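These notes are about the structure you will find just below.
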Amino acid sequence: MSKRTVVTMPGDGIGKVVLPASLQVLDKVGFEADYIHADIGWEFWRREGNPLPDRTIELLAEHKIGLFGAITSKPKTEAVKELDPSLRDKGHVYYSPIVAMRQKFQLDICVRPCRSFPHNPLNFVRKGPGNTIEEPVVDVVIFRQNTEGLYGGVEWTNPPQIVMDALKSHPKFMNFASTPPQELAVSTRIFTQKACNRIVGEAFKYARKFGYKSVTVCEKPNVIRETSGMMLQTAERIQKDYPDIALWNTNIDAQMMWLTKNPEDYGVIVAGNMFGDIVSDGFAGLVGGLGFACSANIGEEVAVFEPTHGSAPKYQHLKPAIVNPMAMILSACMMLDHVGETDKARRIREAIAEVIQEGKTYTYDMLKLRGGPEVLAQGAASTDQVTAAIMEKL
C-alpha cells in the first residue's frame with residue numbers, strides 16, 4: 001500500500017499538545033504516512049484576518065485526509081479587537097474555521113462515538129436494586145448533520161428590509177412585527193432533503209454494519225415541525241429498507257434526561273447540527289468526558305478527524321503537559337478506520353483499554369483533580385506518560 005499524506009492542523013491551545021501525541025502512537029502502530037503541517041486558528045485570524053487560510057484549504061483539497069487539534073473562538077466584538085491594527089475596519093469577520101471547513105468541503109457527516117472503557121473511573125454509575133451500584137456499558141454512536149441547521153450561518157442582526165418583508169409573510173411573525181429591525185437578531189434553521197437523506201442513510205448503514213439494533217432520531221418534531229419533521233419523516237421512509245433495525249424517536253430535552261437513566265438502551269442516534277452537538281456531549285459525559293470524545297467529519301471526498309474538546313489555552317504552556325491525549329488518539333483511530341487500517345485502529349483502542357484497566361497511568365481529569373501544575377505531585381500522569389503507556393502496550 002502506498003504511503004498516505006495526512007494534513008495535520010494542530011490549531012490552538014492544547015491542540016498543539018495532543019496532536020503530536022497522536023502522531024507518536026500512529027508511528028508506533030506502524031501506520032506509514034507523510035504529515036504536512038497546515039495553518040489554522042486564532043493566530044492566523046489575528047495576523048491575517050483569516051483563521052482558515054487558503055493555503056490550508058488547498059492542502060486539504062489535494063490530500064483529502066486531515067487530523068485537527070482544537071480551535072479558540074471568541075465572540076464577534078472580541079475577535080475584532082484582537083485583529084492586527086492594520087486589518088481593522090477592512091471588512092474582516094471572524095467565522096469558526098472548523099465550521100467553514102465543514103461547509104467548504106461539505107463534511108456533512110459528523111460521527112461521534114461514545115463508548116465506555118471498563119474501569120475508567122469517570123464512567124457513569126447508578127444505583128441498582130438493593131442499593132447496589134451499576135455501571136452500564138455505554139456504546140452509542142451519534143450521527144450529527146454537520147453543515148446545516150442552526151450552524152448554517154444564515155443570520156442577521158438588524159435584518160435588511162428584504163428579510164423583514166419575507167419574515168412578515170409568515171403569520172407567526174406577527175408577534176415580532178412591531179419590533180424595530182435594529183432590535184432584532186434572527187438565526188435560521190435550514191434543513192434540506194438531500195442532507196437528511198444522507199445523514200439518516202449513513203446512520204442506518206452504520207447500524208447494520210456494526211450490529212446495532214436501533215437508530216434513534218433525536219430532534220423536536222412536536223415543536224420545530226418543519227425541520228425536525230423532515231428528519232423524522234426521512235428516517236421513517238429509509239427504515240423500511242432496514243426492517244431488522246428499530247427506529248426510535250426522542251425529543252432532545254427528554255433524551256438528555258433518559259441518557260442518565262438508561263444509556264445502555266441506545267445504539268445509533270441521528271440528529272441535526274445543534275441537537276447532535278448537545279446529545280453527543282451528553283453521552284460523552286457518561287464515558288469519561290471530553291478527554292475521550294473523538295469525532296470524524298466526513299464528506300464525499302475529504303475527511304477531517306478531531307477531538308471535540310476545546311483549545312483550553314491555559315494548559316498549553318504547562319511543562320510537562322498534563323492534558324488527556326486519548327480523545328485525539330481515538331480520533332486518529334477513526335482516521336485509520338476510514339482509510340481501511342482497521343486492524344491498527346483496533347490495536348490502539350485495545351492498548352488504551354489496557355492502560356485504563358491497569359489503573360496506573362491516569363491523567364488529572366481521570367483522577368477528578370482540578371487542572372494545574374500541582375496535579376503531577378498528586379499522582380496524575382503527564383500527557384507524555386499516558387502516550388508512552390499506550391505505546392508500550394502496542
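In table form, for the structure just shown:
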quantity	calculated
Residues of the stretch 184-203 satisfying the condition of being surrounded by 21 or more Cβ atoms within 10 Å (Cβ to Cβ) and either more than 20 Å from the chain's Cα centre (by Cα) or in contact (Cβ under 8 Å) with a residue 60 or more places away in the chain (or both)	F191, A195, I199, V200, A203
Tally of residues being surrounded by 17 or more Cβ atoms within 10 Å (Cβ to Cβ) and not aliphatic (A, V, I, L, M) across the stretch 153-165	1
Test: residue in the stretch 57-76 that is polar (S, T, N, Q) and within 30 Å of T361 (Cα to Cα)	yes
Number of positions in the stretch 272-322 that are of a type in the set (A, V, I, L, M) and without any contact (Cβ under 8 Å) to a residue 40 or more places away in the chain	2
Selection from the stretch 67-118 of residues that are part of a strand (DSSP E or B) and over 22 Å from T192 (Cα atoms)	L67, F68, G69, A70, P113, C114, R115
Qualifying residue in the stretch 160-179 (condition: closer than 30 Å to N297 by Cα and either modelled with pLDDT under 95 or touching an Asp or Glu at 6+ places or on another chain (Cβ under 8 Å) (or both))	no
Output for the stretch 366-385, where each listed residue is surrounded by 14 or more Cβ atoms within 10 Å (Cβ to Cβ) and in contact with a Leu (Cβ under 7 Å, 6 or more places away or on another chain)	M366, V375, A380, S382
Some residue of the stretch 357-372 being over 18 Å from K16 (Cα atoms), over 21 Å from the mean Cα position of the chain (by Cα) and not in a loop (DSSP other than H, G, I, E, B)	yes
Qualifying residues in the stretch 273-290 (those that are within 12 Å of the chain's Cα centre (by Cα) and closer than 19 Å to V386 by Cβ) - the one surrounded by the most Cβ atoms within 10 Å (Cβ to Cβ)	A284
Pair list, Cβ under 6 Å, 6 or more apart: the stretch 1-26 residue on the phi > 0 side of the Ramachandran plot and part of a loop (DSSP other than H, G, I, E, B), other residue small (G, A, S) and buried (at least 24 other Cβ atoms within 10 Å of the Cβ)	G13/A70
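Yes/no matrix, rows are residues, columns are (1) assigned by TED's automatic domain parsing to the domain that holds D253; (2) in a helix (DSSP H, G or I):
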position: I162; (1), (2): no, yes
position: K172; (1), (2): no, yes
position: K194; (1), (2): yes, yes
position: R198; (1), (2): yes, yes
position: K209; (1), (2): yes, yes
position: N222; (1), (2): yes, no
position: R225; (1), (2): yes, no
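The values are calculated or read from the model by the stated rules, or taken from the named source; none is laboratory data. Please read all numbers here as calculations on a predicted model, not as lab measurements. In this analysis, Cβ positions are derived from the backbone assuming ideal geometry, glycine residues included, and neighbour counts consider all displayed protein chains.
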